[in-house]
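Visitor: I have a structure here, written as structure tokens, and I will follow up with some questions on it.
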Amino acid sequence: MSNKLIDLQHITKSYDGQVILDDLNLYIRENEFLTLLGPSGCGKTTTLRIIGGFEKPDQGRVIFGGEDITKLPPNKRHLNTVFQKYALFTHMTIAENIAFGLKIKNKSKAYIDDKIKYALKLVNLEGYGNRMPDSLSGGQQQRIAIARAIVNEPKVLLLDEPLGALDLKLRQDMQYELIRLKNELGITFIYVTHDQEEALTMSDTIVVMNQGYIQQVGTPEDIYNEPENAFVADFIGDSNIIGSIMVRDELVEILGAKFACVDKGFGENKPVDVVIRPEDVELVEPDCGTINGVVTHIIFKGVHYEMEVQANGFEWLVHSTDMFPVGTKVGIHVDPYNIQIMHKPASEDEEAAGIDE
Amino acid sequence: MNKKWLSAPYLVWAVAFIILPLLMVVYYGLTDKTGAFTLENFLAMGTPEHLKALGLSLLLSLISTIICLLLAYPLAMILVASNTSKTSFVVLLVILPMWMNFLLRTMAWQTLLEKNGVINGILTFLHLPNHNLINTPGAIVLGMVYNFLPFMVLPIYNVLAKIDKNVINAARDLGANGIQTFCKITLPLSIPGIVSGITMVFVPALTTFVISNLLGGSKILLIGNVIEQEFTTASNWHLGSGLSLMLMVFIIISMVISSLFDKDGEGSAL
């Protein structure tokens with residue numbers, strides 16, 4: 001996981017005067033599972049389609065293994081795509097679907113038969129070769145779409161929300177299957193999704209996008225634990241985002257109360273955003289925490305209880321395995337290292353990061 | 001819930017206006033003027049003049065169908081490829097002539113093609129030699145193509161529009177160039193539309209007598225004209241019915257052939 005395999009340089013794209021991608025720079029390393037994550041309309045699918053060759057950027061270059069492929073048509077690129085809703089060829093059998101790319105490349109019949117067998121085995125659908133796509137379930141069709149792509153031995157597999165049409169249980173199974181596939185094949189996966197859980201489960205690197213801009217690039221742990229701005233914090237998992245004041249290094253004033261934290265270098269008395277994950281909010285006896293509040297809502301979620309606590313004019317979202325009935329007076333305590341301090345958006349580019357609400 | 005009774009009005013309609021008339025045609029076709037059973041009306045199709053008319057009908061409708069297909073397919077592809085606001089306008093242009101009376105449109109072609117008609121008038125004005133356009137097989141083919149083209153465009157457009165863009169993208173992604181994608185994906189997937197287009201053009205073209213009457217004159221007889229004349233000028237309903245039934249047999253045979261072709265096309269697509 002070292003070399004830059006794909007390098008997107010200054011990619012700009014707009015439709016009908018609406019800017020979808022604005023000066024996007026991103027590189028993808030060899031053998032990496034990279035996920036483009038963001039809400040619909042954030043430009044993630046457009047980015048994938050530009051890499052696949054289905055869209056041409058208005059400006060910028062796509063470098064693949066040191067070569068400029070910006071103007072190459074899709075059939076000349078050494079990558080394959082797994083499309084949303086499978087896009088199987090319904091007039092061909094499963095085996096013919098898988099063989100399509102190989103027949104175009106004039107491979108021998110023995111080679112093709114071998115590959116079909118290998119691919120069907122890889123996606124756990126041995127013996128399905130003579131069936132028609134319509135006779136398969138959604139999950140099976142998706143696996144055929146993956147098999148059809150990987151028999152061509154691409155260096156990169158592009159996946160455009162491939163699990164979007166599947167139900168929850170199947171989606172989770174397929175996530176593990178995709179991780180296994182990636183490890184077995186040893187190739188680069190570029191994955192597009194709006195599902196943050198999917199992204200956290202599978203990726204080596206997550207690229208969070210919003211309104212055509214990259215918000216943060218990092219490992220799932222980075223993105224979850226150290227979100228760079230309020231958008232990322234809000235999009236990845238639940239969080240309490242509170243406008244606060246950084247009093248001095250390692251001390252922040254949240255809703256009028258002073259909390260110890262571990263961040264430095266924000267200056268003195270500067271406005272900042274604070275992110276506290278709901279599972280990091282500890283509920284203690286009244287007056288034993290930093291501030292006091294009252295439980296206003298409680299929902300049982302299986303693994304934990306989700307509670308809302310009204311304290312100092314803010315609804316704190318709290319996840320806890322302990323149950324506090326509605327109306328209970330509680331104290332709130334947060335460990336210093338669980339308080340994540342972020343700059344308030346200032347420049348116009350950062351405005352795009354602003355949360356919609 | 002049993003909602004079968006909702007179809008009752010249609011059943012009454014079908015019996016009164018489809019099944020009864022058909023039975024009457026069968027009755028007339030199988031009897032002679034005295035009411036006795038006979039197969040002669042059927043076998044009359046075998047006479048040289050009737051065979052000639054049938055052969056000419058088959059030939060001209062086949063040519064028209066092929067021309068319609070060759071014109072309609074690219075047009076349908078352009079319609080699907082262009083953006084939506086333009087598409088609805090062009091689709092309207094295709095459908096618009098269908099809102100005008102069929103006879104009127106064919107008579108307009110008569111005026112255009114006549115010996116002293118519009119086209120020859122323009123040729124004279126340009127000092128070019130006049131051409132004998134009307135009352136030729138070519139004029140009949142022109143009339144058929146003009147009148148039946150929308151029936152070819154619409155079914156093909158419908159199937160092409162339904163093909164997921166990503167299926168085309170997938171073929172390109174797997175290494176197929178534009179021509180390979182068309183031959184292996186687009187064309188096989190559009191065969192149902194082509195078959196229904198062919199049926200919708202070929203059948204009316206085979207049975208028409210209006211177009212051949214107006215643009216073919218009295219010298220070129222298609223099988224439709226022969227049947228029409230038996231009912232009108234000759235007043236021989238028995239012979240007319242017998243020939244009609246024989247024509248139906250030919251149409252059924254051609255439909256069976258085209259449906260076989262459809263299956264064949266799906267099976268051997270790759």
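The values are calculated or read from the model by the stated rules, or taken from the named source; none is laboratory data. Predicted model, so just to flag it, every value in this text is computed and none were measured. All Cβ positions, even for glycine, are placed from backbone atoms using ideal geometry, and neighbour counts span all protein chains on display. What goes into the accessible areas is simple: the full protein's heavy atoms, side chains included, and nothing from ligands, DNA or RNA. Shrake-Rupley method; radii C 1.70, N 1.55, O 1.52, S 1.80 Å.
Visitor: Specify the longest stretch of chain B that does not include any exposed loop site, a site being one of the trypsin sites (Lys or Arg not before Pro) with a non-H, G, I, E, B DSSP assignment and at most 15 other Cβ atoms within 10 Å.
Guide: Values: sites that count: B:Lys3, B:Lys33, B:Lys115, B:Lys219.
Segment B:116-218 is the longest.
Visitor: Per-residue mean of other chain beta-carbon atoms within 10 angstrom of the beta-carbon, peptide A:72-84?
Guide: What the average comes to for A:72-84 is 4.
Visitor: Among A:His297, A:Val330, A:Val252, whose Cα sits farthest toward the positive end of the charge dipole of the range A:239-351 (+1 at Cβ of Lys/Arg, -1 at Cβ of Asp/Glu, about the Cα centre)?
Guide: A:Val330
Visitor: Among the lysines in the range A:239-351, how many pairs, 8 or more places apart or on different chains, have alpha carbons under 28 Å apart?
Guide: So the count works out to 6.
Visitor: While we're looking at this one, here's another question. Please work out how much accessible surface B:Glu114 shows to a 1.4 Å probe, ignoring ligands, DNA and RNA, in Å² rounded to 10.
Guide: Approximately 80 Å² for this residue.
Visitor: How much of the DSSP bridge set in chain A is antiparallel, in percent, rounded to the nearest 5?
Guide: 75 percent
Visitor: Moving to a separate point now. Mind computing the radius of gyration and Dmax over the alpha-carbon atoms of chain A? Å is fine for both.
Guide: 24.1, 78
Visitor: List every residue whose amide H lies under 5 Å from the amide H of A:Gln216, counting only residues 5 or more places away in sequence or on a different chain, with H placed 1.01 Å from N in the peptide plane.
Guide: A:Val208
Visitor: Would you mind telling me the antiparallel percentage of the DSSP bridges in the protein assembly as shown, rounded to 5?
Guide: 75 percent
Visitor: Now a separate question. Calculate one ³J(HN,Hα) per residue across the range A:50-58 by plugging θ = phi - 60° into the Karplus curve 6.51 cos²θ - 1.76 cosθ + 1.60, and present them in order as whole Hz with x for glycine and proline.
Guide: Along the range A:50-58, the couplings run 5, 5, x, x, 8, 10, 9, x, 5 Hz.
Visitor: Any lysines with Cα under 19 Å of the B:Lys52 Cα? List them, leaving off those in the same chain fewer than 8 positions away.
Guide: The reachable lysines, counting only those whose Cα sits under 19 Å from B:Lys52, are B:Lys219.
Visitor: Calculate for chain B the 222 nm mean residue ellipticity that helices alone would give, adding -39,500 (n - 2.57) per DSSP H run of length 4 or more and normalising by residue count, nearest 500 deg cm²/dmol.
Guide: When only DSSP H runs of four or more count, the value is -22500 deg cm²/dmol.
Visitor: Still on this structure: What total accessible surface area, summed over both chains, is buried at the interface between chains A and B, computed with a 1.4 Å probe and given in Å² to the nearest 100?
Guide: When A and B are taken together, about 2000 Å² of accessible area is lost.
Visitor: When the dipole is taken about the Cα centre of the protein assembly as shown, and only Lys, Arg (+1) and Asp, Glu (-1) are charged at their Cβ, what size is it in debye, to the nearest 20?
Guide: The calculated dipole for the protein assembly as shown is roughly 4040 debye.
Visitor: Between the range A:278-347 and the range B:27-104, what's the alpha-carbon centroid distance in Å?
Guide: About 77 Å separates the Cα centre of the range A:278-347 from the one of the range B:27-104.
Visitor: Per-residue ellipticity at 222 nm for chain A, helices alone: DSSP H runs ≥ 4 residues times -39500 (n - 2.57), over residue total, nearest 500 deg cm²/dmol?
Guide: Details: 9 runs with 88 residues, N = 357.
Roughly -7000 deg cm²/dmol at 222 nm, from the helical runs in chain A.
Visitor: With every protein chain in place, what's the accessible area of A:Ile179 (1.4 Å probe, Å², nearest 10)?
Guide: Approximately 50 Å² of A:Ile179 is accessible to the 1.4 Å probe.
Visitor: If I take every Cα pair under 8 Å that is 6 or more residues apart in chain A, average their sequence separation and divide by the length, what percent do I get for the relative contact order?
Guide: Details: 746 pairs, mean separation 53.3, N = 357.
Over chain A, the number comes to 15 percent.
Visitor: Under 20 Å from the Cα of A:Lys109, which aspartates and glutamates turn up, not counting those fewer than eight places away in the same chain?
Guide: Partners within reach: A:Glu96, A:Glu126, A:Glu153.
Visitor: On a C-alpha basis, how far is the centre of the range A:160-232 from the centre of the range A:1-73 in Å? Whole number, if you could?
Guide: The range A:160-232 and the range A:1-73 have Cα centres spaced 17 Å from each other.
Visitor: Let me ask something additional. Please build a GNM for chain A, connecting alpha carbons under 10 Å apart, and tell me which residue among A:Phe189, A:Phe300, A:Phe54 fluctuates the most.
Guide: Most flexible of the set in this elastic network: A:Phe300.
Visitor: Then there's this: How much solvent-accessible surface does B:Tyr28 expose, in Å² to the nearest 10, with a 1.4 Å probe and all protein chains in place?
Guide: Its heavy atoms expose roughly 60 Å² to the probe.
Visitor: Next up: Per residue, how much accessible area does chain B have with a 1.4 Å probe, in Å²?
Guide: 57 Å²
Visitor: Which whole-number percentage describes the relative contact order of chain B, with Cα contacts under 8 Å and a sequence gap of 6 or more?
Guide: After rounding, I find 30 percent.
Visitor: A further question on this structure: Filter the trypsin sites (Lys or Arg not before Pro) in the range A:226-296 to those in DSSP coil with at most 13 other Cβ atoms within 10 Å of their Cβ, and list the result. Could you put the intermediate results ahead of the total?
Guide: Details: sites: A:Arg248, A:Lys258, A:Lys264; in loops: A:Lys264.
Taking the range A:226-296 and a limit of 13 other Cβ atoms within 10 Å, the loop trypsin sites (Lys or Arg not before Pro) found are A:Lys264.
Visitor: Continuing with this model, one more query. Treating each Cα of the protein assembly as shown as an identical point scatterer and ignoring solvent, apply the Debye formula and state log10 I(q)/I(0) at q = 0.06 Å⁻¹.
Guide: The Debye formula, applied to the Cα set alone, gives -0.56.
Visitor: Expressed as a rounded percentage, what relative contact order does the range A:1-130 have, with Cα pairs under 8 Å and six or more residues apart?
Guide: This gives 20 percent for the range A:1-130.
Visitor: Run down the lysines and flag those whose C-alpha is under 22 Å from the C-alpha of B:Lys165, throwing out any fewer than 8 positions away in its chain.
Guide: Within the straight-line limit of under 22 Å, B:Lys165 reaches these lysines: A:Lys13, A:Lys44, A:Lys56, A:Lys71, A:Lys76, A:Lys85, A:Lys103, B:Lys86, B:Lys184.
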